[in-house]
Amino acid sequence: MEKINAEVFVTVAVLGSYKRAADKLGYTQAGISYIINSMEEQAGMKFFEREYGGVRLTQEGKELLPSMQKLYQDEQIVREQVDKIRGLETGEIRVLAINTVIVCYLPEILKEFKERYPGITIEVFDCDSPERATDLLVNNSADCAFMQIVSSDKLEIIPLGRQEDMLVVAKDHPLAKKKVFPIKELKDYPYIGCSEELDSYNYDLAREFGASLNQIMMVNNDFGCFAMISKGLGFGIHPKIMVKSSMFPVKGIPFDVESYTDITVGFRSYESLSLAARTFIDFVRTWKF
């Protein structure tokens, strides 16, 4: 292909819609369609096929996507370096984060970061699954992820801090009077939380100390969990800072063993990050978690 527009290709692939891609990039929908059609004609193959409500990648498009993502990333790096030479700080950062970080840390972090670098655009997506976050980072679909894992053979991981894990119950729950909860008794009470397939952290925690979880309700959202817990339907396991920040009438009880949620930030490699993403990582490392 003589003319390749990796930005348009990747944006359409991620958003699944010519219209949404046009809105994001400042094109008309007809302009996006023209660019894609031109690339397809030059390549002699279809990259996208229409479906109800949008478009999706063809098999050929899926095979081309990683190369397009790499090209798009390289183009961003060049543009940002040119902008920096001109005395500007611009760019785009795609951040994945667990709910604990989104609720308790990111608002203040991003407020200060945006004051320093107002030209940098930041997109935040919630992701509590380390496996899913790793895949998105490896596939160049995100720049960095705030996670709960401390090591990875696919990513660079920087430890940021840790938070004490607590048993969370309604304030009027009989267990709320306890000063400490014996972790081996977890199986004796109904548990409310994410499915193990989505986030295995609490299940691994229980197994580590020879306990198990009696799950009676799956709620894949921290606020939903707190809402159910506050009505006395069961208990949850959450970091201390989430309990302190909760708008629901819940109480956190320490376990009789030491247990902490590690907070880390992961990325493919520091050298491969765009200038904006490297600036963000350097800024985050100075923050107290």
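The values are calculated or read from the model by the stated rules, or taken from the named source; none is laboratory data. Because the structure is a prediction, the values reported are computed rather than measured. Ideal geometry is used to build each Cβ from the backbone, glycine not excepted, and the neighbour counts take in all protein chains shown.
Return the only residue of 190, 130 being under 30 Å from residue 14 (Cβ atoms), touching a residue at least 12 places away in the same chain (Cβ under 8 Å) and not acidic (Asp, Glu).
130
Under the condition of being among the charged types (D, E, K, R), in contact (Cβ under 8 Å) with a residue 40 or more places away in the chain and not in a strand (DSSP E or B), the residues counted in the range 158-178 number 3. For the range 251-259, indicate whether the set of residues that are small (Gly, Ala, Ser), modelled with pLDDT of 90 or more, touching an Asp or Glu at 6+ places or on another chain (Cβ under 8 Å) and within 30 Å of residue 83 (Cβ to Cβ) is non-empty. Taking every residue of the range 251-259 in turn, none turns out to be small (Gly, Ala, Ser), modelled with pLDDT of 90 or more, touching an Asp or Glu at 6+ places or on another chain (Cβ under 8 Å) and within 30 Å of residue 83 (Cβ to Cβ). Residues in the range 182-204 include none that are closer than 29 Å to residue 285 by Cβ, touching a strand residue (DSSP E or B) at 6+ places or on another chain (Cβ under 7 Å) and in a strand (DSSP E or B).
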